[in-house]
1. If you go through the range 210-219 one residue at a time, do you hit one that is of a type in the set (A, V, I, L, M), assigned to a strand (DSSP E or B) and farther than 15 Å from residue 155 by Cβ?
2. Where the second residue is surrounded by 11 or more Cβ atoms within 10 Å (Cβ to Cβ) and modelled with pLDDT of 85 or more and the first is within 18 Å of residue 235 (Cα to Cα) and lies in the range 269-280, which pairs have Cβ atoms under 7 Å and are six or more apart or on separate chains?
3. Determine whether residue 144 is at pLDDT 95 or above, touching a Phe, Trp or Tyr at 6+ places or on another chain (Cβ under 8 Å) and crowded, with 23+ Cβ neighbours inside 10 Å.
4. Which of the residues belonging to the range 108-128 are surrounded by fewer than 16 Cβ atoms within 10 Å (Cβ to Cβ) and within 13 Å of the ligand (Cβ to nearest atom)?
5. Considering only residues that are closer than 22 Å to residue 146 by Cβ and without any contact (Cβ under 8 Å) to a residue 40 or more places away in the chain, look in the range 161-172 and name the one that is farthest from the ligand (Cβ to nearest atom).
6. Of all residues being hydroxyl-bearing (Ser, Thr, Tyr) and closer than 21 Å to residue 150 by Cα in the range 221-280, which is surrounded by the fewest Cβ atoms within 10 Å (Cβ to Cβ)? Just the residue, please.
7. When only residues in the range 219-274 that are over 18 Å from residue 143 (Cβ atoms) and of a type in the set (Asp, Glu) count, which is nearest to the ligand (Cβ to nearest atom)?
Amino acid sequence: MPLNIDTEKEYDLEDLQYCLEDSLETDRWSEAPAPVKELFHEIEWNIIDGQHTETVGFINTALKSEVTARTLIAGPMATGIAEVGRRFKMDEYFLPEVMMSAKCMHEALGRLKPLIIAEKSEEVGTVVVGTVQGDLHDIGKKIVAMMLEAAGFTVHDLGVTVPPEKFIEAIREHKPQIVGFSALLTTTMNMQWETLKIITAEGLREDVKVFVGGAPISQAWCDKIGADAYGMDALVAVEKAKACVTNLSNMKGGAPELHAAMLEIDKAREESKAAMAVAS
Ligand code: B1M
């Protein structure tokens, strides 16, 4: 039986500032069997310490314990890299450390990708994604691309620092229903807007639903630039993408009703999370 552990809870990550022993004391992942909880903390700490061989080793052990690839990505891998971001922000880490942790994430995702893709259900649509020009961050975008593939989409990932013209070319070539821009820097978020303006100027706006995501991106930004959907995380992005190719497929990109329907999805998700929190 696959072991699914709730990764939607909001955790206090303060223990990740100290040591593995402190992490073992937290109630994070406490619904998991003790050896699995320990493995999760090992994964977090090996990502923080930039130990890629060990990270993949613990991932392999967790897989043998029937933990799902999705749980590992949304759980200990997400918390580990979040602590790396905090350390970088506080000048406790510098670029070399962040690059080593990023390598852990890439190697772990490489191990997990075939398992996620194997879930692929019947073909539902086509998506073009890329990290916008000037931005090299791609861990989150790769996760989104993987989850979309598992949900039945054909995904054309254009890579990182993708100029607007490459998005235009890809839209003309692959005729996707959805085009997604990832941006992790406040200095590159504006390239989402620039790319969208060029898509509109090329007369392609109504042909595609435009998704935006990445750490500095918000619903307010999505609204401001006139994108159709904001993906807070990979799960939300997939849910909205599926809606775009099923019940909302007749709505054109840029239509106000489409935008409103996307907001309804967030609202429904928030309500179900609140109901689950009350129940537990
Ligand atoms: Co850099 N970096 N980085 N970095 N980096 C951040 C983003 C930063 C917040 C760190 C910090 O200060 N705390 C900061 C940005 C500050 C700002 O802009 N306000 C920063 C900086 C400053 C920089 C450099 C400028 C540093 C320098 O050179 N002095 C430089 C920029 C290089 C460039 O891009 N031109 C740089 C470089 C790097 C590395 C190369 C070392 C490495 C990236 C490696 C790689 O991706 N291949 C790196 C990393 C790893 C980070 C942090 C630590 C982690 C990012 C990450 O992978 N998160 C990051 C700190 C942070 O974000 N807190 C940081 C995990 C990932 C799963 O989350 O990407 O948010 P995320 O994706 C989520 C959602 O956002 C969403 O779904 C994903 C899964 O749930 N999502 C989408 C993402 N894209 C989506 C698209 C969608 C929908 C949803 O639809 C299309």
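1. Yes; the residues of the range 210-219 include at least one that is of a type in the set (A, V, I, L, M), assigned to a strand (DSSP E or B) and farther than 15 Å from residue 155 by Cβ.
2. Short answer, once both residue conditions are applied: 269/236.
3. no
4. Answer for the range 108-128, where residues must be surrounded by fewer than 16 Cβ atoms within 10 Å (Cβ to Cβ) and within 13 Å of the ligand (Cβ to nearest atom): just 110.
5. So, considering only residues that are closer than 22 Å to residue 146 by Cβ and without any contact (Cβ under 8 Å) to a residue 40 or more places away in the chain, the one farthest from the ligand (Cβ to nearest atom) is 166.
6. Looking at the filtered set, the residue picked out is 246.
7. By that ranking, first place goes to 228.
Yes/no matrix, rows are residues, columns are (1) over 22 Å from residue 244 (Cβ atoms); (2) more than 8 Å from the ligand (Cβ to nearest atom); (3) of a type in the set (Ser, Thr, Tyr):
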{"residue": "106", "(1), (2), (3)": "yes, no, no"}
{"residue": "132", "(1), (2), (3)": "no, yes, no"}
{"residue": "140", "(1), (2), (3)": "no, no, no"}
{"residue": "148", "(1), (2), (3)": "no, yes, no"}
{"residue": "151", "(1), (2), (3)": "no, yes, no"}
{"residue": "159", "(1), (2), (3)": "yes, yes, no"}
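The values are calculated or read from the model by the stated rules, or taken from the named source; none is laboratory data. Because the structure is a prediction, the values reported are computed rather than measured. When we count neighbours, we look across all protein chains shown, and the Cβ atoms used for this are built from the backbone with ideal geometry, even at glycine.
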